[in-house]
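Values in this text are rule-based calculations from the coordinates and carry no lab data. A quick note: this is a predicted structure, and the numbers were derived from the prediction, not measured. Backbone-built Cβ (ideal geometry, glycine too); neighbour counts: all protein chains shown.
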Amino acid sequence: MSLSIRDGKLDVLVAAAPRLENWPSIGIRTLSVMCAEFGLNVGQFGGDHLKVRGVIPLPKTGGIGVIEDIQGRIHRISARSIIRVVPPEFSPNPFPGWQTSGLLPIPTAEILLKNSRISWEPSIAIFGTGNRALRLGSQLLERGTQEVFCIETSSQWNAKRYSGWEVERRRFEIAGGKLIEAKPVQLLRVSPLIWQLRLQDSQGIRILEVARVISAGPMQDDPGVKEYPPGAGLYELTQTARPTYAEDAEGWSLEEQRGRWLATKIIRSLTHDIHTQREELDQTFRTAKVGLKYHSRHQVEPFLPTYEGKWLSSSDTKKIKEFSGVPKQAQLSRRIASVECFEDIPCRICEKICPTSAIQVHPTARAKSSILDEEKCTACGLCVQACPSGSIPMIQEAPDRSTSSLTLAWRGVKPWKVGEFATLLNRRGESLGTARIQSLPSSDSPAIQLVQLEVPTHLLWDARGIRRGRSQNAEDQNFLAAFAKADAPTDKVEILLNGEKRLVRDKTPISIALFEVGQNRPEDALLCSDGSCGLCTILVDSSKKLACQTKTHLGISIKTLPASPQISSSTCFLCSCLEISEEKVVDRVRQGKLRSPEAVLSMTQIGEGKCHGQLCMGPLKRILTEQGLPASSWIDWRFPWTDWVLPHN
Amino acid sequence: MANECDYVLFGTGLAPLVAAKHFLLQGKSVILLNPDLDFFLEDSELPLDPLLHGKINAQRILENTIERAMEVIRPVYPGSIELWSSPNEKEGYYDPSAPHLRQRGRLWISSFSNPHADWSWEQLEDLYVEASDAHLKPQILEGLPAIRRFPGVAANTDHFRGLFIPKLCDIEIARYRSGILEFIRERLPPDQLLCDVSQVEVVENGIRYHAQGAWKSVQPKESFLVFWTPRMTQWLTQQSKKLNFKLPRPKGIRVWEQWSLNSREQPAPATVGLFENMVVWADFDGLPRFSSSKWAHESPETSRLAVLRAGPLLAEGESDSQGSEQGWVSQDSLGALNHLCYDFLKWSQFSIRSLRAKAIFEWDARDGESLTEINPKFKIVRRCDGPLVQILRSVRSACEERKGD
């Protein structure tokens, strides 16, 4: 029997690693277009129809990509340069319980928040204090979760944040989130829906009772583009772009710039006849470099306002009032937007949505001119609704009166009513006093309510958030409970789960249904959109299927495979597939004086288990880097990338 | 001023380590240079002799028996070596981190009409006679007795026959290498065991190289030995042009693919099977562990089948060029895997866990000794890749030849 294989040749092969959120993302599109413009043949392989099984690197000549198409045919593409696109790494360093079903990576949590009815009460702990972690924390709080903790587990806080962090932190703290610095000690299940997270901080052991722990990172500073072996033309690009620009403008822009930068590098190495276009290429390279520099500006010059008690320090208040996005005169006579985005943020949502072009936030515009054109602003409120971080209020200052007007965007579940009193919050979420809801200007988005408040004039520059008073807590909880009940799905069907009858939502991916009934396993944690991780195998009506790719229906019989005994709250394996502990790896490195990650893999077999390192490779790289090995710039090219079921001919 | 030492050894992988140990035990001074970051990046060593190519006779099989292999492996290794020969053998002192030398039978399987085999049934019958004469106790098996011994077979069929020779061996290379490296590290100061060495040049008074951020030179009193593995070819080619000497030419570079498959069946651990141009064995680290679970293949390390497949023989030089692309994961290799798993082992489905691609020199048997003398102080040691036992023999013979000088 022979297997039919199609051979092909390209200059540049872009290959999707498992678990990418969207394909092709902006960085890939930018890179491909640029390379094609310079005459290079580029192929993009990924998505539902073309599954990349792996790459065989041939450092002197490029490599071979092995791809399986939707009909099970195998394509063997040789290319002079190969780019592997990988998802960001979310796993924390190992601690007892880290691979239990209580810990979810952030992409899974985001999918569940959007598509499921699982409980996020009473509180959530998030490992990581990066932009994405804070954004998810804010969303959870706005949806009614009582408490969200963003936990920084590493001391290098600043090195892992990029521009936009200050506004995300502001939104998170205004919504009631808490930032803490601590190391996780253990994650224990105390009831079907509650986990106990033990943390070690400067005060000692701290215990949080949480519904789930979300691992968001970034756990270390990631260059985003790597070449390994050096000079081989074999690259790895980290996908930071979410499916839509609005979901994460910074990540989108970051990946775009990285794609542009990498394209120029590849074009220079593969194309020799670019005399006429050299200037254009150099210009693109410089632009990308400047763009990337803007992203790390926060690390160099963070804007972290100082407070005197609850009040912004006078020097920072002055700095804010002098900022070019903040109105200088017009707010004294009429309502006007105040763009309080102090950092150089690549997000340009407000600029794009402004119908009168009153806002210009592009980095080059920032340097040259004012961000806000006071004359053009009509106070339509579109930018207030559009800003994902809530950093644009509308203000009207009346210095000669006791009250002024402040308009904010409200994303909470329970809408405000005119005449209600709200607690005013400063930029850190601390209470400043109360204010009355003056009016509710119309909003274009059903999820966002514009709230115009009558605030004491002396609080106008400090108050940037609202919440309901404590006396209203019980009423709020009743509202949320009633809301959840009203929102509860009615289309439930009866299924058999491990022989027991259960009610689950109809036509829902089984992975999500397992989360909703509290029967999710550690294998369901990755919840990839295309089944590419291949870990969530279950028996559906006696045949083996992937839980994330199979939907529930009436009468379906589901049997989960026995949970791996090595995953529990008391064990702490770095690689639970092969039961390899962190201590064993460190011992091997020290005893054998190993100097390369390949040597560690060869000596420990780590990453050769069922998950192919999808769960453990991030922590392993950090551990090896701590041991002095060059793991941060290393790419694991082992073949195949996930277990590959070879088709019959 | 150049340092002096008796031997300068230059190479990757296991061979230079073995030579270093040999010379250290002779009381000689040694400097060991490795262009790689460490000694584990070399992947051209095999745990067993595949017995697929070249002249397969009783003599070659005898060299792979556990007794003969131990004669070579034991004196070189500085620690304990664990022997394993059957699933029930577990008594006595056991060092789980030691390299395991496994004693397994070798089973050549042939269908009654097998056009793809590299060897015919007549050849196997000749081998049977030779092996019997050499008291290797071979057995001719037909039908079910043959097929049942083959690792990973899921369904019985009587269309096959086989030649079974007991008590051949295979060894865990990474552990073996690690043990020797630890021994060397304890005896050589850090400035005499250098990794990540670059720009090594043969100059008038010795060897010049760049390591640890500085240029250094060393003058070997006895000789400069280069251990030729495929990773060293580029350097040797450059030197042959520069110093105007003729490099011995191998027959070519054989492409080997070592696949690891997830097996629904628990493969028989005590036999290594040969089917067409593939060598098949139960893959495990240390001792085999077995599970009674229905989902045995889901539990750690229980049911993995290693398949070592011989790919094409590429002309030397071709492996560095686009030509080598033809070798890896080709239509032939995936077709052969399909044929093995679906047609022969009768699996309904299988998944590939990993692939290690190796390139190994093949030398003509008439090439003679493994040592090539370029000048009295510059020698090249060949056959430093391939089966571990063969590497040890080559290195030992090269080192002993030096001693005789």
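In the protein assembly as shown, the DSSP-assigned H stretches of four residues or longer account for a calculated mean residue ellipticity at 222 nm of -7500 deg cm²/dmol, using -39500 (n - 2.57) per stretch and the full residue count as denominator. Would you please classify the overall shape of the stretch A:103-215 from the alpha carbon gyration tensor, given that a ≥ b ≥ c denote the square roots of the eigenvalues, rounded means a/c under 1.5, and beyond that prolate means a/b larger than b/c while oblate covers the rest? Taking the square roots of the gyration eigenvalues as a ≥ b ≥ c, the stretch A:103-215 is oblate. For the stretch B:91-196, the list of GluC sites (Glu not before Pro) that fall in a loop by DSSP and count at most 15 other C-beta atoms within 10 angstrom reads B:Glu91. Can you classify the stretch A:568-621 as rounded, prolate or oblate using the Cα gyration tensor, where a ≥ b ≥ c are the square roots of its eigenvalues, rounded means a/c under 1.5, and otherwise it's prolate if a/b beats b/c and oblate if not? Oblate. Relative contact order of the stretch A:492-560: 43 percent, from C-alpha pairs under 8 Å at least 6 residues apart in sequence. Pairs A:Lys160/A:Lys183; A:Lys114/A:Lys293; A:Lys352/A:Lys376: which exceed 24 Å Cα-Cα? Those over the limit are A:Lys114/A:Lys293. Since only B:Asn205, B:Gln219, B:Leu181 are under comparison, the one whose Cα sits farthest along the positive direction of the charge dipole of the stretch B:174-237, derived from C-beta charges on Lys, Arg, Asp and Glu, is B:Leu181. Need the C-alpha centroid separation for the stretch A:20-48 versus the stretch B:164-233, integer Å. After rounding, the separation between the Cα centres reads 43 Å.
Here the relative contact order of chain B, from alpha carbon pairs under 8 Å that lie six or more residues apart, stands at 24 percent. With a 10 Å cut-off around each Cβ of A:588-595, the average count of Cβ atoms from other chains is 5.
Computed about the Cα centre, the dipole magnitude for the stretch A:103-215 is approximately 220 debye when only Lys and Arg (+1) and Asp and Glu (-1) carry charge, each at its Cβ. Sorting A:Glu308, A:Glu340 by the number of Cβ atoms found within 10 Å of their own Cβ, with the fewest placed first, yields A:Glu308, A:Glu340. For the stretch A:492-560, a simple Cβ point-charge model (Lys and Arg +1, Asp and Glu -1, everything else neutral) yields a dipole of about 120 debye relative to the Cα centre. Can you classify chain B as rounded, prolate or oblate using the Cα gyration tensor, where a ≥ b ≥ c are the square roots of its eigenvalues, rounded means a/c under 1.5, and otherwise it's prolate if a/b beats b/c and oblate if not? Here chain B falls in the prolate category. Pairs over the 30 Å Cα-Cα cut-off, from the set A:Lys544/B:Lys358; A:Lys51/A:Lys544; A:Lys51/A:Lys226; A:Lys60/A:Lys593: A:Lys544/B:Lys358. Rounded to whole Å, give me the distance from the Cα center of the stretch A:137-153 to that of the stretch A:484-555. Measuring centre to centre over Cα atoms gives 26 Å.
Need the full-extension length gain, A:Lys545 to A:Lys593, defined as separation in residues times 0.36 nm minus the C-alpha distance. One decimal, nm.
Difference between extended and current length: 12.9 nm.
Between B:Glu204 and B:Glu182, the modelled label-to-label distance comes to 4.6 nm, taking each label 7 Å out from Cα in the direction of the beta carbon.
Cβ-to-Cβ counts within 10 Å put B:Leu188, B:Leu107 in ascending order as B:Leu188, B:Leu107, the fewest first.
Dividing the mean sequence gap of close Cα pairs (under 8 Å, 6+ apart) by how many residues the stretch A:103-215 holds gives a relative contact order of 32 percent. Seen against the Cα atoms of chain A and their longest principal axis, helix A:582-592 is set at about 60 degrees.
Treating r as the C-beta distance of B:Gln123 and A:Asp201 and R0 as 41 Å, the FRET efficiency rounds to 0.05. Taking the stretch B:193-220 and a reference point 7 angstrom along Cα→Cβ of B:Asn244, the backbone N atoms nearer than 18 Å belong to B:202-205. Taking other Cβ atoms within 10 Å as a rough exposure proxy, B:Ser348, A:Ser32 sort from fewest to most as B:Ser348, A:Ser32.
Per-residue extension of 0.36 nm, minus the Cα-Cα distance of B:Lys346 and B:Glu4, leaves a gain of 116.9 nm for this segment.
Sorted from longest to shortest, the spans of the Cα atoms of chain A along the three principal axes equal 88, 71, 50 Å. Which entries of A:Lys414/A:Lys485; A:Lys621/B:Lys216; A:Lys265/B:Lys241; B:Lys216/B:Lys242; B:Lys55/B:Lys346 have Cα-Cα distances beyond 23 Å here? In this structure, A:Lys621/B:Lys216; A:Lys265/B:Lys241; B:Lys55/B:Lys346 lie more than 23 Å apart at Cα.
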